[in-house]
Amino acid sequence: MQISINQETPQGWSGSTLAIGLLEGDITAQLGILSGICNPQLIEKYLKEKEFSPTLGESVKLTLLEKNIQQILLIGLGKPEEFSINSLREATAIASRASIGSEGKMAFHFPCNNFDSSCVAKAMAESIRLSIFKDLRFQSDPKSHKVPQSIELLGLPESAKSILDLIDPICSGVELARELVGAPPNDLTPSSLANEALKLSEQYNLECKILNRAECEKEGMGAYLAVSQGSDLEPKFIHLTYKPNGEIKRRIAMVGKGLTFDSGGYNLKVGASQIEMMKYDMGGSAAVIGAARALGEMCPANTEIHFIVASCENMVNGSAVHPGDIVKASNGTTIEINNTDAEGRLTLADALVYACKLNPDSIVDLATLTGACVIALGEEIAGLWSNNDQLADELQKASSDCGENLWRMPLQKSYKEGLKSMLADIKNTGPRSGGSITAALFLNEFINKKVAWAHIDIAGTCWADKDRGLDPAGATGYGVRTLINWAMSQG
Ligand code: BES
Ligand code: MN
Ligand code: ZN
């Protein structure tokens, strides 16, 4: 599918589907744009009969059977005073989804003169491409997923064209993350994730280091290896590096939780804990690797970027961790594992120590870390914790610029009390209340205090049970675009 900008007016355009955005208010005036294509008065009458009002997300499909334009989609944009780039993304996704099943040419004509035209072009193109994505890899005889061959954005200036070059790298990164998360746990294992990373490193000229179990033992990664010891599959510690040509002014690291399956271990996930969904427990690593795919192609100047994933499975065999075991992380901290289902933070502990040793200016980790974060913020907002206000602000800007929702949460120091162990330096699980905060405080124990660090809990946002905004049901690829924006703003 090709997305482009076309200076043509709706009257001069021909193709199969024309999507027109309508704001609440004077419908008659806005339908005027259709004169010359069809009869606006008749359409207005039809809309009145259907009691259509253009609130955000409402849509009507009109079949014209004309030779120049076969169908028109009228898409509600909501109140003019509330119309934003985010509502534009949403309305664009609705129109795009409605076009699934028809081939040929499609065009959008949305009234966006109040916004920067490059922002509009980027928001619309991302929304189109990401909302019509469908994962057909696991069907033996895929039903066809027909989408328009070309999509043209009408009414935007030539100057907005160049931004469209970014759409393919960005969306390919998001799509890669969605495919990694969507793959079942018998297909996507720590080894196959490591192979994906290796493939990317060859394609985009990244350095790639994969540590096996013995090498991780040498690093003293007792927390990470404890999680992996109950699985028949080898753990794989993945480290990709992007090095810019020319001077390096900043070094940053992105760390992703990479549990290709989380059974809970001996604290087995039972009842309503959705064990069958736990293939998505590598959503953080998918975001990091998706970002590596995009940034490897976009080549930000002056910024060295490390992508780090301590990947394994949390399973139950005869060698699995016992609830109550005490292990030692690579910074020397001893941890009492009072709950084997709080495994993500154990893998991240060693990954964060490793990241700190690289001496970065800042580290961001992404993880499907806690059910408590889903309870706090729901499925559309990720939680953000940081020891550094500037980094937190940068990430909130990066996320709001792409429409990924991120809400800062407190690193409440007094809650560290809940992680006190009678025997070891710390235990891995605190009380139920404030569970996403104690998880962040646990991670903080493995951060060198001089490094700016942020943690993003994506337990709610990494998966959509049904179509939601730009995300078709399934893996969302949440975090990739925020990471890209953040990395691109560092140079
Ligand atoms: N992977 C889960 C967190 C999770 C839960 C992600 C639901 C997505 C949806 C994590 O490893 C986990 O099991 N966390 C426990 C921590 C608890 C034992 C302190 C949780 O949140 O219940
Ligand atoms: Mn768990
Ligand atoms: Zn987990």
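A few remarks follow.
- Test result for Thr347, touching a Pro at 6+ places or on another chain (Cβ under 6 Å), in the same structural domain as Asn195 (by TED's automatic domain parsing) and within 12 Å of ligand 3 (Cβ to nearest atom): no
- Just one of the listed residues (Ile456, Ile447) is touching a strand residue (DSSP E or B) at 6+ places or on another chain (Cβ under 6 Å), within 16 Å of ligand 3 (Cβ to nearest atom) and closer than 24 Å to Asn388 by Cβ, namely Ile456.
Condition check ((1) open to solvent by 10 Å² or more (accessible area, probe 1.4 Å); (2) within 13 Å of ligand 1 (Cβ to nearest atom); (3) assigned to a helix (DSSP H, G or I); (4) of a type outside the set (A, V, I, L, M, F, W, C)) across all residues:
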| position | (1), (2), (3), (4) |
| --- | --- |
| Tyr354 | yes, no, yes, yes |
| Val374 | yes, yes, yes, no |
| Glu379 | yes, yes, no, yes |
| Gly403 | yes, no, no, yes |
| Phe442 | no, yes, yes, no |
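- Scanning region 461-491 for residues that are among the small types (Gly, Ala, Ser) and buried (at least 24 other Cβ atoms within 10 Å of the Cβ) turns up Ala475, Gly477, Gly479.
- When Ala398, Ala367, Ala392, Ala376 are screened for being within 16 Å of ligand 2 (Cβ to nearest atom) and in contact (Cβ under 8 Å) with a residue 60 or more places away in the chain, only Ala367 passes.
- Asp365 more than 13 Å from ligand 1 (Cβ to nearest atom) and surrounded by 21 or more Cβ atoms within 10 Å (Cβ to Cβ): yes
- Identity of the residue in region 13-55, under 38 Å from the mean Cα position of the chain (by Cα) and without any contact (Cβ under 8 Å) to a residue 12 or more places away in the chain, that ends up least open to solvent (accessible area, probe 1.4 Å): Asp26
- Filtering Glu276, Glu304, Glu313 for residues that are part of a strand (DSSP E or B), acidic (Asp, Glu), open to solvent by 10 Å² or more (accessible area, probe 1.4 Å) and within 16 Å of ligand 3 (Cβ to nearest atom) leaves a single hit, Glu313.
- All of (1) within 16 Å of ligand 2 (Cβ to nearest atom); (2) assigned to a loop (DSSP other than H, G, I, E, B); (3) closer than 25 Å to Val174 by Cβ hold for Leu348 with one exception: (2).
The values are calculated or read from the model by the stated rules, or taken from the named source; none is laboratory data. If you're wondering where the values come from, they're calculated on a predicted model, not measured in any experiment. Using ideal geometry, Cβ is built from the backbone for each residue, glycine included, and neighbour counts are taken over all protein chains shown. Calculation scope for accessible area: heavy atoms of the full protein, side chains included, ligands and nucleic acids excluded. Shrake-Rupley method; radii C 1.70, N 1.55, O 1.52, S 1.80 Å.
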